[in-house]
1. How many of the residues making up the range 316-329 are in a helix (DSSP H, G or I) and either open to solvent by 20 Å² or more (accessible area, probe 1.4 Å) or at pLDDT 95 or above (or both)?
2. Among the residues of the range 91-113, which ones are open to solvent by 20 Å² or more (accessible area, probe 1.4 Å) and under 27 Å from G339 (Cβ atoms)?
3. For the range 218-247, what are the residues that are within 13 Å of the ligand (Cβ to nearest atom) and either basic (K, R) or farther than 30 Å from V186 by Cβ (or both)?
4. Of all residues in the range 120-136, count the ones that are touching a Phe, Trp or Tyr at 6+ places or on another chain (Cβ under 9 Å), under 22 Å from E151 (Cα atoms) and not in a strand (DSSP E or B).
5. Consider R33 carefully, then state whether it is assigned to a helix (DSSP H, G or I) and under 28 Å from P338 (Cβ atoms).
6. In this structure, does V255 turn out to be within 19 Å of M191 (Cα to Cα) and either among the aromatic types (F, W, Y) or under 14 Å from the mean Cα position of the chain (by Cα) (or both)?
7. Pairs, please: C-beta under 9 Å, at least 6 apart or cross-chain, first residue open to solvent by 10 Å² or more (accessible area, probe 1.4 Å) and in the range 34-45, second of a type in the set (D, E)?
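The values are calculated or read from the model by the stated rules, or taken from the named source; none is laboratory data. For clarity, every value in this text was computed on a predicted model and none was experimentally measured. Cβ atoms come from the backbone with ideal geometry, glycine included; neighbour counts cover every protein chain shown. Accessible surface is based on the protein model in full, side chains and every heavy atom, while ligands, DNA and RNA are left aside. Shrake-Rupley method; radii C 1.70, N 1.55, O 1.52, S 1.80 Å.
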Amino acid sequence: MHSLNRQEIIDWLKNENSRELDDLFFAADATRRKHVGDEVHLRGLVEISSYCRSACTYCGLHAGNKKAIRYRMNSEQILKCAIQAERLGYGSVVLQSGEDPQFDMKSMEQLIRSIKRETTCAITLSLGERSPEEWARWRDAGADRYLLRFETSDPFLFEAIHPDALRNIPSRVDQLPVLRQLGYQVGSGVMIGFPGQTFETLADDLLLFQDLDLDMIGVGPFLIHPETAFGTGWVPREIDPTNQVESSVDMACKVIALARLLRPDAHIPSTTALATLGGVDGRIRGLKSGANVIMPNLTPTDLRGDYAIYPGKNVSFETAQVCRMELFDMLKSIGRVPGKGPGHRKRSQAPTNPSFTPKT
Ligand code: 5AD
């Protein structure tokens, strides 16, 4: 019994032996069952605005994309979605957007208060880098969780893919403890397989998940958007092609499995990006490799297509009701059950280092 070290993580990420990988997925699935059980928590995702002030080189909603269609939901529309989340039996609602300053401290505060007044849903915010004052006010208003992916732990890569990252503010990694101190359950994560990402960097990302003691870990394959810098063929750095992480369902499942082994009691979604790349099978594979959360889309169907952070996102325009039925059937078919209540992270008493001996 020993914890996974950096070299072992790299070896797993590079491993292509399907029998050995089955051992990894099996171990991650067993760890998931032991620490967080068979419940799959459903978080209703509402994409409240496609406006963004940032210039990220990977995201279709970056400020410079003139072809992106911008929309902003009003408070009444958002509240309706939260009420629908509750009716569908989802214990929480995730409010996500580009970095849209129009949702300022006051308007978000009022929105959070009204959702808390009208529903019993937990509220997760995913609104990008905002000020500690805003985060504090929203937490006071009742927000429970905050998602802020650090995207990569490599400072050079981080700056390259966030060309307008303000130089004099703490890096995203340093902002996560601020959120934790404010009392949020904190989620972070990375994209898998964007140009310039090496196996070493990704291994460091995974070790950082463990060090940060994250409550939620969201990872998904990178999907190239034509109207971005990556879409034009730009690369942040030249690397040996054999060291480039690929964007694939297999790689995403390996990262989910390793994240589960490193953080046994975290909430880990089988993400929309994984389902976009691998369809229903991709989503199921995520759930069988250590994931225990799904984020069904509750954005009104007429707006969904415009929240295009990557192509093919939100290709399903089925109503929330239909999605829910399909989801419940799918969970049943793999022996899992929909989570009840808000689905807060319960910290396990067990040591957090994995008791898994890699066979490689
Ligand atoms: N491919 C995959 N994931 C992406 N994200 C943004 N753009 C892309 C893309 N092109 C992810 C980022 C962000 C989250 C909301 O979506 O990790 O934090």
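1. Going through the range 316-329, the residues in a helix (DSSP H, G or I) turn out to be 320-329.
Keeping just the survivors that are either open to solvent by 20 Å² or more (accessible area, probe 1.4 Å) or at pLDDT 95 or above (or both) gives 321-326, 328-329.
Total satisfying the criteria: 8.
2. Q96, R113 - these are the residues of the range 91-113 that are open to solvent by 20 Å² or more (accessible area, probe 1.4 Å) and under 27 Å from G339 (Cβ atoms).
3. Within the range 218-247, P226, E227, G231 meet the criteria.
4. Pass one, the range 120-136, residues touching a Phe, Trp or Tyr at 6+ places or on another chain (Cβ under 9 Å): 121, 123-127, 130, 135.
Now restrict to residues that are under 22 Å from E151 (Cα atoms): 124-127, 130, 135.
Those left that are additionally not in a strand (DSSP E or B): 127, 130, 135.
The qualifying residues number 3.
5. Details: assigned to a helix (DSSP H, G or I): yes; under 28 Å from P338 (Cβ atoms): yes.
Against the criterion (assigned to a helix (DSSP H, G or I) and under 28 Å from P338 (Cβ atoms)), R33 qualifies.
6. Taking the combined requirement at face value, the residue satisfies it.
7. Going by the 9 Å Cβ cut-off, the qualifying pairs are H35/D265; V36/D265.
Residues are listed down the side, and each one gets a yes or a no for (1) in contact with a Leu (Cβ under 9 Å, 6 or more places away or on another chain); (2) modelled with pLDDT of 95 or more:
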residue: L127; (1), (2): yes, yes
residue: A143; (1), (2): yes, yes
residue: D174; (1), (2): no, no
residue: G183; (1), (2): no, yes
